[in-house]
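The values are calculated or read from the model by the stated rules, or taken from the named source; none is laboratory data. On a predicted model such as this, the values are computed, not experimentally measured, just so you know. Heads up, the Cβs are rebuilt from the backbone with ideal geometry, glycines too, and the neighbour counts pull from every protein chain shown. The protein model used for the area step is the full one, side chains on, heavy atoms only, and it has no ligands, DNA or RNA in it. Shrake-Rupley method; radii C 1.70, N 1.55, O 1.52, S 1.80 Å.
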Amino acid sequence: QVQLVESGGGLVQSGGSLRLSCTASGRVFDIYHMGWYRQAPGEQRELVASITRDDRTNVADSVKGRFTISRDSTMNSMTVDLQMNSLKSEDTAVYYCSGTESLLFGPDAAWGQGTQVTVSS
């Protein structure tokens, strides 16, 4: 099993920056693809950015040029960071980290508990 723990959320003014971090532990050697999703009130959860073990990245158009995803790994853990710059009020959401053994984030994907990001205008 894989455990995911997010950190770094908070309140920031519009135009500001935050860095989210997700640390995976457990069977990290099984993880191929990790990503950050977000869910705003009344909205569906959406993929923000993801990165594979061979560093292929995918970034949503709505955050392209503002958000950057990166990863670091050791023998027993993997960390995936989301650097968020030029934040807008529409970036306000709960951000979730996810990890999966495959390319797709399916029913077997692991999820963190979420971290709140609030951007004030």
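Before moving on, here are some points about what is shown:
- Net +/- balance of residues flanking Asp91 in space, Cβ distance below 14 Å, scoring K and R +1, D and E -1: +1
- Solvent-accessible area per residue for the chain (1.4 angstrom probe, square angstrom): 53 Å²
- Among Gly42, Gly65, Gly26: highest mean-square fluctuation, GNM of the chain, C-alpha pairs under 10 Å: Gly42
- Compactness of the chain is given as radius of gyration and Dmax, 13.5, 42 Å, from Cα positions.
- Dipole magnitude for the chain: about 200 debye, using +1 per Lys or Arg Cβ and -1 per Asp or Glu Cβ, origin at the Cα centre.
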